[in-house]
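J.: One structure follows; several queries about it will come next.
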Amino acid sequence: MVRTRLLGAGAVLLGASGFALSGYWPWRRLPPPTPAPVAVVPDLSVEVADTLRPGETLSELLARQGVADLDLNRIDTRGALDPRRLRSGLIFRFTRPAPDSQPTRIAVRSSPEERVVFTRQAGGWSGAVETVAWRAEPVRIEGAIDNSLYEAIDAQVADSQLEAEDRVRLAWDLADIYAWQVDFTRDIQTGDRFRVLYERLVSADGEVRFGRILAGDLTMSGKSLTAIRFDGGGHPAFYDADGNSLRRAFLRAPVQFRRISSSFARSRFHPILGISRRHEGTDYAAAPGTPVMAAGDGVVLRAGWAGGYGNLIELRHRNGITTRYGHLRGFARGIRAGARVSQGQTIGYVGATGLASGPHLHYEFRVNGVAKDSRRVDLGNGAPVPPLQRAAFEQARDSLIAELAAQPSPLTASASASSAATN
């Protein structure tokens with residue numbers, strides 16, 4: 001039942017419960033209520049990046065940005081940022097709520113995977129460590145090796161895809177994978193080519209960096225050398241298409257070198273002594289401070305001064321093999337007589353001590369005390385894929401080889417076109 005109640009000059013229809021029926025007035029219809037205006041507050045916050053300069057303290061950088069009350073020593077950052085060991089070139093980002101206000105947020109990348117953030121609160125500054133998420137994108141590139149492997153890779157990867165430092169790392173990593181099979185200083189011939197499938201890591205902020213190599217293929221003198229990355233239980237390694245390890249008992253070269261300045265020889269003219277004498281090793285010219293690696297698993301026989309060798313490390317390996325590393329600038333931490341080392345471990349750093357005319361590593365390979373040419377000796381075989389993991393390896397191998405055989409990634413198409421246009 002609907003009832004009518006008189007309200008002065010007009011009436012309103014009431015429902016059975018006595019409540020007004022919405023929107024019904026005999027003499028006029030009321031407009032819908034107007035929502036209250038929402039105030040739009042413009043975002044005036046600004047972010048400024050500042051770099052820690054050589055020889056500068058963190059306090060000086062903070063003072064330059066108007067921050068005088070932040071003491072990193074009193075804030076727990078879980079060891080991600082040690083104020084006593086900050087390197088120059090570190091970038092700090094300061095966020096202000098307005099251009100003329102003090103920073104309320106400071107962020108710094110402590111590592112590729114972590115970011116340390118300081119936030120100003122009522123009681124002072126607080127700190128937190130954030131994880132930086134990276135998305136992996138597979139990228140395939142290929143090209144001819146006309147001169148060096150680095151130049152061949154550099155021509156196929158644009159600056160926008162990988163920075164120069166990462167392109168160098170990509171080239172070195174690929175060279176390290178084939179270090180036991182290929183001497184890139186003398187084995188490269190006209191017509192040789194490479195293909196590589198690698199991971200390009202992209203952050204949510206659009207940052208890009210090199211991740212890891214997944215597979216590679218070198219065609220040298222018409223022969224194909226395939227490398228497949230396989231993680232058979234927490235220890236990733238590279239194998240050929242048949243599952244044989246590409247690793248050998250010894251590295252072919254224990255340092256990332258620029259060139260071979262002197263080869264193993266029965267007789268050569270010594271640049272300092274001015275006489276001809278036997279050269280019982282290989283000299284690898286490299287920048288001072290370049291890490292020197294143990295060529296194989298072994299024990300340190302000695303680490304110290306050795307006359308014309310300068311600072312020398314000698315390692316003892318199995319089967320009567322010893323290796324020597326001379327003219328070092330210094331030794332890595334823990335390297336002393338009796339210490340055990342593993343293949344690829346940094347044991348020292350390139351220098352020019354002793355009878356050396358410039359920075360280089362003098363490397364000797366000896367069998368039962370007799371010096372051998374380290375670039376021509378049999379380096380021994382590594383362990384193949386274990387039988388129980390064979391099926392998993394074959395599945396991974398087939399997938400990676402299919403990606404290697406696919407067309408180059410779209411990311412590299414513009415790089416190739418740009419390279420062709422500038423040549």
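J.: Each residue of region 244-251 in turn: what ³J(HN,Hα) in whole Hz from Karplus with 6.51, -1.76, 1.60 and θ = phi - 60°, glycine and Pro shown as x?
T.: 7, 5, 7, 6, 10, 5, 9, 5
J.: When the Cα centres of region 170-231 and region 46-83 are compared, how far apart do they sit, in Å?
T.: After rounding, the separation between the Cα centres reads 39 Å.
J.: Roughly to the nearest percent, how much of the accessible area of region 210-255 is carbon and sulfur, given a 1.4 Å probe?
T.: Values: 880 of 1900 Å².
That share works out to 46 percent.
J.: What list of ³J(HN,Hα) values in whole Hz, one per residue of region 352-369 in order, does the Karplus curve 6.51 cos²θ - 1.76 cosθ + 1.60 (θ = phi - 60°) give from phi, with Gly and Pro shown as x?
T.: Ordered by residue, 3J(HN,Hα) equals 9, 7, x, 7, 9, 8, x, x, 6, 9, 8, 10, 10, 10, 10, 10, 6, x Hz.
J.: Counting only residues 5 or more places away or on other chains, whose amide H sits under 5 Å from the amide H of VAL46 once H atoms are built in the peptide plane?
T.: Here ARG96, ALA98 satisfy the definition.
J.: While we're on this one: What FRET efficiency comes out for THR131 versus ASN244 if R0 is 51 angstrom and r is the Cβ-Cβ distance? Round to the nearest 0.05.
T.: Values: r = 38 Å, r/R0 = 0.75.
In this case the efficiency is close to 0.85.
J.: List the trypsin sites (Lys or Arg not before Pro) within region 307-405 that DSSP assigns to loop and that have no more than 13 neighbouring Cβ atoms inside 10 Å.
T.: When the trypsin sites (Lys or Arg not before Pro) of region 307-405 are filtered for loop state and at most 13 Cβ neighbours within 10 Å, ARG318, ARG333, ARG336, ARG376 remain.
J.: Between region 361-380 and region 90-132, what is the separation of their alpha carbon centroids in Å?
T.: 53
J.: Run the numbers for ALA406 and GLU151: contour at 0.36 nm per residue of separation, minus the present Cα-Cα distance, in nm.
T.: 89.5 nm
J.: Follow-up. Using modelled backbone amide H atoms (1.01 Å from N, in-plane), which distant-in-sequence or interchain residues come within less than 5 Å of THR353's amide H?
T.: Excluding prolines and chain starts, which carry no amide H, the hits are ASN311, LEU328.
J.: Within 10 Å, count the other beta carbons around each residue, average over each peptide in 146-156, 63-73, and list them highest first.
T.: Answer by packing, highest mean first, reads 146-156, 63-73.
J.: What list of ³J(HN,Hα) couplings, whole Hz, do you get for region 211-226 from phi and the Karplus terms 6.51, -1.76, 1.60, once you set θ to phi - 60° and write x for glycine and proline?
T.: Computed from phi, the couplings for region 211-226 are x, 7, 8, 9, 6, x, 8, 10, 10, 10, 6, x, 9, 9, 10, 9 Hz.
The values are calculated or read from the model by the stated rules, or taken from the named source; none is laboratory data. The structure presented is a predicted model; accordingly, all values stated were derived computationally and were not measured. All Cβ positions, glycine included, derive from the backbone under ideal geometry; neighbour counts span all protein chains shown. Side chains are part of the model used for accessible areas, which takes the heavy atoms of the whole protein and leaves out ligands, DNA and RNA. Shrake-Rupley method; radii C 1.70, N 1.55, O 1.52, S 1.80 Å.
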